[in-house]
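Each reported figure results from applying straightforward, stated rules to the coordinates on display, with no laboratory input. Bear in mind that the values here come from a model prediction, so they are computed numbers and not experimental data. Backbone-built Cβ (ideal geometry, glycine too); neighbour counts: all protein chains shown.
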Amino acid sequence: MADQYAQTREDNRPAGTPAIRWEEPPEGPVVVLLDQTRLPAEEVELVCTDAPALVEAIRSLAVRGAPLLGIAGAYGVALAAARGFDVDDAATALAGARPTAVNLSVGVRRAQSAYQSALAKTGDARLAASAALAAARQLHQEDARASARMAEHGLALLDELLPGGGHRILTHCNTGSLVSGGEGTAFAVALAAHRAGRLRRLWVDETRPLLQGARLTAYEAARNDLAYTLLTDNAAGSLFAAGEVDAVLVGADRIAADGSVANKVGSYPLAVLARYHHVPFIVVAPVTTLDPATPDGAAIEVEQRPGYEVTEFISPQAPLTGAGGGLPIAPLGTQAYNPAFDVTPPELVTAIVTEEGAVSPVTAEGLAELCGRSRPATSG
């Protein structure tokens, strides 16, 4: 049975609470998450004592973001192993918790493989559990390093495409430290531009229906003293028309072999707007998000979320009166279309930036070459 509980941090330090960490209190190991559904109102940590609790945290978006989901999946396998649960069952449940995000299954498989290999070699379940935890920790560290390299490559690309600095960047959803072992993906590039004195403005899409931009990206931008402005998603077009956007930076949850990019729903319209207005549309993601086994965009499974996320306003401050725990904003019985992601075709993507460098133009051949260089270093 899923076992999780919340604990509120008393210090609420400006440096921020880690998005995920492994702890070993006397009562047994746990995975501790910063509950992102409670931000920005309060920093509350969710303590998961078993894999089902972590699966529920993933599905409810308490923990989210492609790279962080990979880390969470790996820690979930290690948690099952350390507490003596069925590791293969836990791995299956974790990997299927959010089907579009390929990093989740990559992280799960990495820790599961380490566990199985050690168990086959030693026959000792405790040593196998230690191996799974070591694999999860290594993935966590690798993601932090990858984040730093993506920021460097992304800033170099921005400076090449937009000489002179003063970048005005539009971003969608949340791609900062809340989705990463480091400072993020697309947001990390904007942060690097800010630190270099070359960020004029970060335009933050609200990102409906769950407001990850308004709640999370604005939260991270404010904590890092970025010059930022929040806008509703449907205001982006007027911003482009006014000539106020120099580049679009987004993350990704899965990148197919042909360069099609699945990202938070609303990304595809931005790519279309960017192409019409001759603005670079740049995707920033670690190589673990590249999926050679998915041939093209049509083969990407797009997660469908519950309709109440659209028909209710979900917020920590909202009265809990709706079926989904939010404030109803549509008539009772209203049907809703609520895909979590959309798919942007490669011809609309200016560049894909990874820790191994940028691919531009985005082609199957360029991505295959990148995967060939990077996979041996990132698989486990």
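Can you put Ser267, Ser130, Ser238 in order of Cβ neighbours within 10 angstrom, beginning with the fewest?
On the way: Ser267 26, Ser130 17, Ser238 10.
Sorted ascending by nearby Cβ count, the order is Ser238, Ser130, Ser267.
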Worksheet item: Applying 1/(1 + (r/R0)^6) with R0 = 35 Å to the Cβ-Cβ distance of His277 and Ala196, what FRET efficiency is obtained, to the nearest 0.05?
Response: 0.90
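With each run of n ≥ 4 DSSP H residues scored as -39500 (n - 2.57), what mean residue ellipticity at 222 nm is computed for the chain after dividing by its residue count and rounding to the nearest 500 deg cm²/dmol?
Numbers: 11 runs with 144 residues, N = 380.
After summing the helix terms and dividing by residue count, I get -12000 deg cm²/dmol.
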Fill in: Estimated distance in nm for a label pair at Arg126 and Leu231, the labels positioned 7 Å out from Cα along Cα-to-Cβ
5.9 nm
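Find the relative contact order for the chain and round it to a whole percent, using C-alpha pairs within less than 8 Å whose residues are 6+ positions apart.
On the way: 836 pairs, mean separation 55.0, N = 380.
Relative contact order, the chain: 14 percent.
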Response to the item:
Scalar couplings 3J(HN,Hα) for segment 55-62 by Karplus 6.51 cos²θ - 1.76 cosθ + 1.60 (θ = phi - 60°), nearest whole Hz, x for Gly and Pro, are 4, 5, 5, 5, 5, 7, 6, 4
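Give the calculated FRET efficiency between Ala368 and Leu332 to the nearest 0.05, with a Förster radius of 41 Å applied to their Cβ-Cβ distance.
Details: r = 51 Å, r/R0 = 1.23.
My answer for the efficiency is 0.20.
Grab the beta carbon distance between Leu161 and Glu27, set R0 = 56 Å, and tell me the FRET efficiency rounded to 0.05.
Numbers: r = 53 Å, r/R0 = 0.94.
With a Förster radius of 56 Å, E is 0.60.
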Worksheet entry | Neighbour-count order for Glu27, Glu183, Glu43, Glu347, fewest beta carbons within 10 angstrom listed first | Glu27, Glu347, Glu43, Glu183
Worksheet item: What residues qualify as long-range amide H neighbours of Phe341, i.e. H under 5 Å apart, gap of 5 or more or another chain, H built at 1.01 Å from N?
Response: Val265, Glu303
Discussion item. Using Cβ contacts closer than 10 Å as the measure, can you line up Phe85, Phe341, Phe281 from fewest to most?
Written reply: Phe85, Phe281, Phe341
Practice prompt. Consider just the alpha-carbon atoms of segment 83-195 and return their Rg together with their Dmax, both in angstrom.
Written response: 18.6, 60
Worksheet item: In a Debye calculation with equal point scatterers on the alpha-carbon sites of segment 4-143 and no solvent, what is log10 I(q)/I(0) at q = 0.17, 0.21 Å⁻¹?
Response: -0.84, -1.22
Worksheet item: Check Ala247: other-chain or 5+ apart residues with amide H under 5 Å from its amide H, H built from backbone geometry?
Response: Arg168, Leu170
